[in-house]
1. Name the residue, out of Glu36, Glu17, that is charged (D, E, K, R), under 19 Å from Ile107 (Cα atoms) and modelled with pLDDT of 95 or more.
2. When you check Gly56 against the structure, is it of a type in the set (Gly, Ala, Ser) and farther than 23 Å from Asp114 by Cα, yes or no?
3. Check Glu197, Glu208 and return the single one that is in a strand (DSSP E or B), among the acidic types (Asp, Glu), crowded, with 18+ Cβ neighbours inside 10 Å and in contact (Cβ under 8 Å) with a residue 12 or more places away in the chain.
4. Just name the residue that is farthest from Arg153 (Cα to Cα) out of those in the stretch 232-266 that are of a type in the set (Gly, Ala, Ser) and touching a strand residue (DSSP E or B) at 6+ places or on another chain (Cβ under 6 Å).
5. Only residues that are in contact (Cβ under 8 Å) with a residue 24 or more places away in the chain, closer than 14 Å to Thr164 by Cα and crowded, with 21+ Cβ neighbours inside 10 Å: list them for the stretch 98-118, please.
6. So which residues in the stretch 102-152 are under 10 Å from the mean Cα position of the chain (by Cα), in a strand (DSSP E or B) and of a type outside the set (A, V, I, L, M)?
7. Out of the stretch 218-237, which residues are over 27 Å from the mean Cα position of the chain (by Cα) and part of a loop (DSSP other than H, G, I, E, B)?
Amino acid sequence: MATVTLTPTKVPELMFEGYSITPDAFAGKTAAQIAELPGHEGKIHMKLGDFFTVSGNGGETAADTDIVITGDCTRVKYIGSKMTAGSVTVNGNADMYVGGWMKGGKIHIKGNVDSFTGIQMQGGELLVDGDAKNHVGCAYRGDWRGMKGGLIRIKGSAGNDIGTAMLGGTIIIEKNAFIHVSTHAEGGTVIIKGDVEGRVGGQMVKGEMYVLGKILFMMPGYKKVDQVQKECDGATYTFDHYIGDLGERHPKSKGQVVYANLYLKA
């Protein structure tokens, strides 16, 4: 695998839209060609070389290309956006839209991320060592199609609107989340290993949610039906099993109504 190293040289005055920072865009290019790839700072057309030094050439394909950013990207958006293969590692923080619309490959952010991480993600793996803000794995604003596949793992805490309009894939928050988990979801799995304040599964049609901590305010549209033992991220727990959201329409499968499932650690 070929490694391309980006080293930040200055902090953008606004935010740099680094949508070219993907193995797909780097594949088959020399370091000099990569430095010429486009980006934006506000309305101004920029290039990667305006904010990073580049060393190493891309691999023959995206799958053969590994990108390493050796510094903080708090003001760099769209890292790994729409990537299909290969890997991206950021040794620091990153801004909004990390891994947005990605279809494959792996992204590892070793700091924190801002909002819209993994928005409308379709495949691949996205790992964040720190915290995430809002709208992890959600739909684009005004759209009803959220995350469809892949895995997002946030080792810290997350904000609100986790998995909004989610259709598939898995989101794991290893600490706490705020409000609005799997709102409008029609599939997928969200695991919160810490506590959630409330609004878990509002208007959810199907899919699964696991909360290993506490829910401060339970949605009234959820009904406890039994207590079960289930595996969750490699461990087995006893859960109180709820179905809902009972106020929503629900499809039928083999004559049985399909509900969303909420598993709250007993």
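1. Values: Glu36 fails: under 19 Å from Ile107 (Cα atoms).
Exactly one of Glu36, Glu17 is charged (D, E, K, R), under 19 Å from Ile107 (Cα atoms) and modelled with pLDDT of 95 or more, namely Glu17.
2. Working: of a type in the set (Gly, Ala, Ser): yes; farther than 23 Å from Asp114 by Cα: yes.
Yes; evaluated as a whole, the condition is true for this residue.
3. Details: Glu197 fails: crowded, with 18+ Cβ neighbours inside 10 Å.
When all the criteria are applied, what remains is Glu208.
4. Start the filter on the stretch 232-266 by keeping residues that are of a type in the set (Gly, Ala, Ser), which leaves 234-235, 244, 247, 253, 255, 260, 266.
Those still in the list that are touching a strand residue (DSSP E or B) at 6+ places or on another chain (Cβ under 6 Å) too: 244, 260, 266.
Details: Gly244: 25, Ala260: 21, Ala266: 23 Å.
Checked the stretch 232-266; the qualifying residue farthest from Arg153 (Cα to Cα) is Gly244.
5. Thr117, Gly118 - these are the residues of the stretch 98-118 that are in contact (Cβ under 8 Å) with a residue 24 or more places away in the chain, closer than 14 Å to Thr164 by Cα and crowded, with 21+ Cβ neighbours inside 10 Å.
6. Glu125
7. Restricting attention to the stretch 218-237, the residues satisfying the condition of being over 27 Å from the mean Cα position of the chain (by Cα) are 220, 223-229.
If the condition is that a residue be over 27 Å from the mean Cα position of the chain (by Cα) and part of a loop (DSSP other than H, G, I, E, B), then Pro220 is the only one that fits.
Yes/no per residue for (1) touching a Ser or Thr at 6+ places or on another chain (Cβ under 9 Å); (2) on the phi > 0 side of the Ramachandran plot; (3) surrounded by fewer than 20 Cβ atoms within 10 Å (Cβ to Cβ):
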position	(1), (2), (3)
Leu167	no, no, no
Thr183	yes, no, no
Met204	yes, no, no
Gly213	no, no, yes
Leu216	no, no, yes
Ala235	no, no, yes
Thr238	no, no, yes
Glu248	no, no, yes
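The values are calculated or read from the model by the stated rules, or taken from the named source; none is laboratory data. All values reported here derive from a predicted model rather than from experimental measurement. So basically every Cβ, Gly included, is an ideal-geometry build from the backbone, and we count neighbours across all protein chains shown.
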